[in-house]
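The values are calculated or read from the model by the stated rules, or taken from the named source; none is laboratory data. All of these numbers come straight from a predicted model, not from anything done at the bench. Here the Cβ positions follow ideal geometry from the backbone for every residue, glycine too, while neighbour counts run over all protein chains shown.
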Amino acid sequence: MRRIGTVASHVAKGNLFLYNFFVVLVSFLFSLLIFVISGLAIVLGLVLIAYLTQTSWIAGLKQGAGSPILICLIFLATVTILFNLYAIGMNIKIKRN
């Protein structure tokens with residue numbers, strides 16, 4: 001998480017506004033990448049389990065909010081957002097030193 005600040009400081013070259021902007025941008029893009037990769041693994045795993053066990057309720061999206069895939073992705077998004085906010089909080093600068 002410290003590397004986000006290092007990357008942002010190299011790109012911003014001393015501009016505080018750009019530094020904070022790049023901290024938010026880099027952390028958002030990295031979190032999005034992690035969410036897509038791990039979400040794909042979760043969805044493929046649940047679909048594979050549904051296929052092997054011959055149960056359609058695991059992969060059935062007709063259940064709405066009760067779908068196991070949707071519940072897993074909501075929890076994954078929550079954890080990803082919390083880590084993203086923590087990374088932004090560690091790297092954002094209010095005043096210049």
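So here's what we get for this one:
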| read-out | value |
| --- | --- |
| Selected residue (criterion: surrounded by the fewest Cβ atoms within 10 Å (Cβ to Cβ)) from residues of segment 73-94 that are in contact (Cβ under 8 Å) with a residue 60 or more places away in the chain and not in a helix (DSSP H, G or I) | Lys93 |
| Ser38 being at pLDDT 90 or above and either more than 18 Å from the chain's Cα centre (by Cα) or over 18 Å from Ile88 (Cα atoms) (or both) | yes |
